[in-house]
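Right, one structure below, let's go through it.
Read-outs throughout are calculated quantities, based only on the coordinates presented, and are distinct from any laboratory measurement. Everything numeric in this text was worked out from a predicted model, so none of it was measured. Backbone-built Cβ (ideal geometry, glycine too); neighbour counts: all protein chains shown.
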């Protein structure tokens, strides 16, 4: 089933990787926290994949803002920072993955 996915990651290479894996879904992507919030409101995605490190507003603040709007949307953090796991899960992430993330794990997030 085709899903709407918002991807927010500071790394352009990661964004290209996600877009390649999720080619059969509707993707909106950004490296910027402010844009992530704007895109969330505009597109109302089924899934948010977010890094803790973003331009302007960090991923944690973006997650808090999204959770204030919607408890239903699935949010997964994918980052290189292991220490971010507890905080991510405590503020509302449904799952947490460390980079590099495998295509199989990415597909699990969408299911």
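Between residue 99 and residue 41, residue separation times 0.36 nm minus the direct Cα-Cα distance comes to 18.2 nm.
Contour minus end-to-end for residue 13 and residue 26, with contour as 0.36 nm per residue of separation and end-to-end as the Cα-Cα distance?
Taking 0.36 nm per residue and subtracting the Cα distance, the gain is 2.8 nm.
Against the empirical 2.2 N^0.38 Å (N residues), the stretch 4-110 has a Cα radius of gyration ratio of 0.93. Among beta bridges from DSSP that stay inside the chain, the antiparallel ones total about 0%.
For the pair residue 107 and residue 82, label points projected 7 Å from Cα toward Cβ lie 2.8 nm apart. Label point of residue 72 set 7 angstrom out along Cα-Cβ; within the stretch 1-28, amide nitrogens under 14 Å from it belong to 4. Subtracting the Cα-Cα distance of residue 1 and residue 64 from 0.36 nm times their residue separation leaves 19.9 nm of extension gain.
Please list 47-58, 75-86 highest first by mean number of surrounding beta-carbon atoms within 10 Å per residue.
The most tightly packed comes first, giving 47-58, 75-86.
Among 63-74, 33-44, the peptide with the highest mean count of other Cβ atoms within 10 Å heads the list, and the full ranking is 33-44, 63-74.
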